[in-house]
Amino acid sequence: MSFSLIPDGVYPSIYQIDGPALNRRGITLLLADLDNTLAKYGQPEPDQDLRAWKDALAAAGVELFLLSNSRKPRRAEHFARALGIPFLGHAGKPKSGGFLKAMAQMGCTPAQTAMVGDQIFTDILGAKRTGVLALMVEPIQLAGNPGRYLRYAVEEPFRALGRRRTRKE
């Protein structure tokens, strides 16, 4: 089991993650966190930009899969169904079980899979432990929870190292 907190790439948002570039790396499955990665906390439906990005990924041969730790039982299910993608709620990130279950469901190996999320200690650590490409985005919105400011401050050195990796691509 690998232990690394450094993302393989850091992007301002999901919209800078390019489907054809992922496909050239052999990635056919993109696992994605929900809150603060694909949508703001509490946003009930995907917006048009997200729908277009999902379609562009699909056109490049990359399937999007929602992998969420949301404690709201129906949130991940409702959002994924509205977007037309498969999902797994209560994924238990950073444990590898949710990642492995998603890959098995989609018939993909770790080498064919990437994970995108906004948190080092769940999304990135879980991806690294499972052997999938770990991509990080800046959080969509920090407002509303003082604990998030502290968590993101602690994560910043790891984000900075990931940004260096992104520039070297």
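Overview of results
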| quantity | calculated |
| --- | --- |
| Under 25 Å from the Cα of residue 128 - lysines, other chains or at least 8 residues apart | 40, 54, 93, 95, 101, 168 |
| Debye intensity ratio I(q)/I(0), log10, region 15-62, q values 0.16, 0.17, 0.19, 0.30 Å⁻¹ (C-alpha model) | -0.46, -0.51, -0.62, -1.15 |
| Percent breakdown of C-alpha pair distances by 10 Å bin, ordered from the shortest bin, for region 1-88 | 16, 49, 31, 5 |
| Mean ellipticity per residue at 222 nm, deg cm²/dmol - from DSSP H runs of n ≥ 4 across the chain, formula -39500 (n - 2.57) | -12000 deg cm²/dmol |
| Distance (nanometres) between label positions extended 7 Å along Cα→Cβ at residue 142 and residue 106 | 3.0 |
| Apportionment of accessible area to carbon and sulfur, the chain, percent (1.4 Å) | 56 |
| Normalised per residue, the volume of the convex hull around the Cα set of the chain (Å³) | 104 |
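The values are calculated or read from the model by the stated rules, or taken from the named source; none is laboratory data. Treat the numbers as computed from the prediction; the structure is a model and nothing was measured. A quick note on method: Cβ atoms are made from the backbone with ideal geometry, for glycine too, and the neighbour counts reach across all protein chains shown. Protein only, heavy atoms only, side chains kept; ligands, DNA and RNA dropped before computing areas. Shrake-Rupley method; radii C 1.70, N 1.55, O 1.52, S 1.80 Å.
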